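The values are calculated or read from the model by the stated rules, or taken from the named source; none is laboratory data. Note that the structure is a prediction, hence the values are computed from the model and not measured. Cβ placement follows ideal geometry from the backbone for every residue including glycine, while neighbour counts extend to all protein chains displayed.
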Amino acid sequence: MLGNKKNQKKTVFGGIGVALLLCALMVLMPMSGYVDNNETEATVGSVTADSNGAEDYFALPEKLAEADYEYDPSLELQGMRDAKTKAFLNEDGTITQMVANEALHYMSGDGTWEDINLNIQAYPEGWGVTENTFSTYFAPEVANGISVQANEFVDPIISGLNPMLVILDETGSAPEPFIAPPASNGVEVGGNVIRYPLAEGFDLDYAVESNQVKQNLILREVPVLPEAATYFGISEGMRMPAGYALYSGETMLGEELFKTQEDLQIRDIETGELLAEIPAPVIR
């Protein structure tokens, strides 16, 4: 799934997943045990709460340093690079090759393999990560979402448009805004993570990895919901590239309500070729 951007199919979204509701993507968490027992299986992990370490738990990462391969960088044989391989010349004239599970390099515009750098950089129009197997751009305001260029020959996927905290009753058919005080902090960046405040105590994180952009809805405490509310989550819009649509298996999704705990795919409507995947939701 990693390598040359020209021929790449990638999982470009991860973390808390999505379900289609009218042209909007929604992340829903049943507040009764955080899992709806009437649904198909969801993946749930538990974390022991510790008020003393809360700030450390939610702390953004430091700037990601260059990897230390225990070899002199000047002895790397860069001509032997590929997406997952580095080669180093030893003192005795032999060559050591290192093969990773994930991509180490991306193909640059001039056709050379360059080291991946996942640190989010500031740009006049926002932030971005371009030294990667795909390009990602983040808007200055959370409402304008993120742009993921999964294939250089296809328009980018625009996701995270107008995110809003919502609640739903047990039918899951009528989302209503969740009222919360406005956030007092601004956008924060640390290493490969950008954090957008949604409301006081609620943030939306995006973490860029070599094969995906992982989205996390951060709750610093359990929200207090109206008695009739069964689900809590976010709604957000997604703009597909021209000629592409969202699928669940072989089913193309439209404006009708669709409920799932399974992966979703973004595919070429004519050829069925996979452009990106949206994994099933995970709640911790």
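For the range 135-153, a residue qualifies if it is assigned to a strand (DSSP E or B) and either farther than 16 Å from Val208 by Cα or charged (D, E, K, R) (or both), and exactly one does: Asn144.
Consider Asn151 carefully, then state whether it is modelled with pLDDT under 95, surrounded by fewer than 14 Cβ atoms within 10 Å (Cβ to Cβ) and over 12 Å from the mean Cα position of the chain (by Cα). No; evaluated as a whole, the condition is false for this residue. I'd like to check something: does the range 177-185 contain any residue that is within 18 Å of the chain's Cα centre (by Cα) and in contact (Cβ under 8 Å) with a residue 12 or more places away in the chain? The answer is no, given that none of the residues of the range 177-185 is within 18 Å of the chain's Cα centre (by Cα) and in contact (Cβ under 8 Å) with a residue 12 or more places away in the chain.
In this structure, Glu125 does not satisfy being in contact with a helix residue (DSSP H, G or I) (Cβ under 7 Å, 6 or more places away or on another chain) and of a type outside the set (Gly, Ala, Ser).
A Cβ distance below 6 Å, combined with a sequence gap of six or more or placement on separate chains, defines the contacts here; from the range 72-91, residues that are of a type in the set (A, V, I, L, M, F, W, C) reach residues that are outside any strand (DSSP E or B) and crowded, with 16+ Cβ neighbours inside 10 Å in the pairs Ala83/Leu2; Ala83/Gly3; Ala83/Ala103. Report the residue count in the range 221-247 for those that are crowded, with 17+ Cβ neighbours inside 10 Å and part of a strand (DSSP E or B). The number of residues fulfilling the criteria is 11. Residues that are within 30 Å of Ile179 (Cβ to Cβ) and surrounded by fewer than 16 Cβ atoms within 10 Å (Cβ to Cβ) were ranked within the range 262-284; the one that is modelled with the lowest pLDDT is Arg284.
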